[in-house]
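Here is the structure we will look at.
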Amino acid sequence: MVPADPASVPDNCSRFSSHRTVGHLGVYAIRQALIDRGLDQASGGRLEQPDTEPDREPEPLASYWEIRADNCPDDPNPGQEDGDSDLRGDLCDNCPSWPNSDQLLPTWPIPPDDPDCDGFSTTEESFMGTRPLAACSDTPAANDESAPDFWAFDYTDDQRASLADVMLASQHFNALDPDPRYSSRYDLDASGGITLADMLSYISVFNLACTP
Ligand SMILES: [Ca+2]
Ligand SMILES: [Ca+2]
Ligand SMILES: [Ca+2]
Ligand SMILES: [Ca+2]
């Protein structure tokens, strides 16, 4: 038998190698496209490369690059921090301490530096002694949770700004610091007195709940 011309024999190894190279080039091209669309591994948690090499076989694309949703697609946040666990990263969450995955805001005004979106800035909450990173008491049952309060309007910790809260505040009405009846906890506008302005501030939230 006449030996075959080596040049005419298909080289399985070369074809296989070429297949893998083309396949990997495709993977890298797709990966680059993902990077261009904001899915970059530099920000962490976005693209992962599992160990695929031991079997020496071409890997399906899906297993080669596992793609996870980025909780802040437009901002680099390698740690993917999400303090309120609403699947929006802290960096791009309009209320990072209030679970609102739809990013809808409460009906009351939100001042600057109000991460729990309860209508009071961290400075105001520090003055009143409420929790700046938690807007709502854990349970709707009244008076079953210890201080400090969560929502400044809600003295009864029943997750609602109601007549019961206004009645409690009214016991301190017209008390000016240092009157013993004065307490910064009831001084919602930090004016140094429990005045009509503090009572009237309930109008915008009356009978509303603090739950998202
Ligand atoms: Ca969040
Ligand atoms: Ca949130
Ligand atoms: Ca607040
Ligand atoms: Ca209440």
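Restricting to segment 120-156, name every residue that is in a loop (DSSP other than H, G, I, E, B), closer than 17 Å to residue 190 by Cα, within 11 Å of ligand 3 (Cβ to nearest atom) and out of contact with any Cys (no Cβ under 9 Å at 6 or more places or on another chain).
120, 121, 130, 131, 132, 152
Looking for something crowded, with 16+ Cβ neighbours inside 10 Å, in a helix (DSSP H, G or I), of a type in the set (D, E, K, R) and at pLDDT 95 or above - is there at least one such residue anywhere in segment 70-91?
Yes: one or more hits.
For residue 103, indicate whether it is more than 13 Å from ligand 3 (Cβ to nearest atom), touching a residue at least 24 places away in the same chain (Cβ under 8 Å) and not hydroxyl-bearing (Ser, Thr, Tyr).
no
Residue by residue, here is whether (1) in contact with a Leu (Cβ under 8 Å, 6 or more places away or on another chain); (2) loosely packed, with under 14 Cβ neighbours inside 10 Å holds:
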site	(1), (2)
175	no, no
180	no, yes
185	no, no
188	no, no
192	yes, yes
195	no, no
201	yes, no
205	no, no
209	no, no
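The values are calculated or read from the model by the stated rules, or taken from the named source; none is laboratory data. Note that the structure is predicted; figures quoted are calculated from it, not measured. FYI the Cβ positions are ideal-geometry reconstructions off the backbone, even for glycines, and counts take in every protein chain you see.
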